[in-house]
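Colleague: Pasting in a structure now, in structure tokens, and then I'll have a few things to ask.
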Amino acid sequence: MREKLTGPKREQALRALPGWREADDRDAITKRFVFRDFSEAFGWMTRVALVAERMDHHPEWLNVYKTVEVTLSTHDAGGVTELDAALAKIMDGIAAQIR
Ligand SMILES: C[C@H](O)[C@H](O)[C@H]1CNC2=NC(N)=NC(=O)C2=N1
């Protein structure tokens, strides 16, 4: 779970995560979530935060009104691991429930 995802495994993981891409400036994955309004954006963040805390794996994110820019990496591993792919999938799942 803490092994860095590289090569074909990483490409495969990203292909399974629509909207997620490699970060420009570091070993991380990123996605911009756009909701209908602030209330939906913050509601989503609240639900994600509770799951992230249980996973002991925490997102970096920036919220401006209805947009949330998320960056995921595993600090311990210095890059992207299965934990980031798992949290990304959970974020997508919770967003899908909101719309
Ligand atoms: C001590 C604690 O378990 C670690 O610092 C956890 C907390 N949350 C974390 N979140 C993320 N994204 N990466 C980590 O390596 C990480 N490590």
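Colleague: Being surrounded by fewer than 20 Cβ atoms within 10 Å (Cβ to Cβ), in contact with a helix residue (DSSP H, G or I) (Cβ under 7 Å, 6 or more places away or on another chain), at positive phi and not charged (D, E, K, R), is that true of even one residue in the stretch 61-69?
Modeller: Among the residues of the stretch 61-69, at least one is surrounded by fewer than 20 Cβ atoms within 10 Å (Cβ to Cβ), in contact with a helix residue (DSSP H, G or I) (Cβ under 7 Å, 6 or more places away or on another chain), at positive phi and not charged (D, E, K, R), which makes the answer yes.
Colleague: Please go through (1) buried (at least 16 other Cβ atoms within 10 Å of the Cβ); (2) under 12 Å from the mean Cα position of the chain (by Cα) for Gly19 and return the number of the only condition it doesn't satisfy.
Modeller: With (1) buried (at least 16 other Cβ atoms within 10 Å of the Cβ); (2) under 12 Å from the mean Cα position of the chain (by Cα) applied to Gly19, the lone miss is (1).
Colleague: What pairs come up if the first residue lies in the stretch 52-73 and is of a type in the set (Gly, Ala, Ser), the second is near the ligand (Cβ under 8 Å from one of its atoms) and assigned to a loop (DSSP other than H, G, I, E, B), and their beta carbons are under 9 Å apart, counting only those six or more places apart or on different chains?
Modeller: Here the result reads Ala52/His58; Ala52/Pro59, each pair linking the stretch 52-73 to a residue that is near the ligand (Cβ under 8 Å from one of its atoms) and assigned to a loop (DSSP other than H, G, I, E, B).
This table checks each residue for (1) within 16 Å of the ligand (Cβ to nearest atom); (2) more than 20 Å from Arg2 (Cβ to Cβ); (3) among the aliphatic types (A, V, I, L, M).
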{"position": "Arg15", "(1), (2), (3)": "no, yes, no"}
{"position": "Arg21", "(1), (2), (3)": "no, yes, no"}
{"position": "Arg26", "(1), (2), (3)": "yes, no, no"}
{"position": "Ala49", "(1), (2), (3)": "yes, yes, yes"}
{"position": "Glu53", "(1), (2), (3)": "yes, no, no"}
{"position": "His58", "(1), (2), (3)": "yes, no, no"}
{"position": "Val64", "(1), (2), (3)": "no, yes, yes"}
{"position": "Thr74", "(1), (2), (3)": "yes, no, no"}
{"position": "Ala77", "(1), (2), (3)": "yes, no, yes"}
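All of the numbers you see were taken from the coordinates with simple rules; none came from a lab. Bear in mind the structure is a predicted one, so any value in this text is a computation, not a measurement. As a convention, Cβ positions derive from the backbone with ideal geometry for all residues, glycine included, and neighbour counts pool all protein chains shown.
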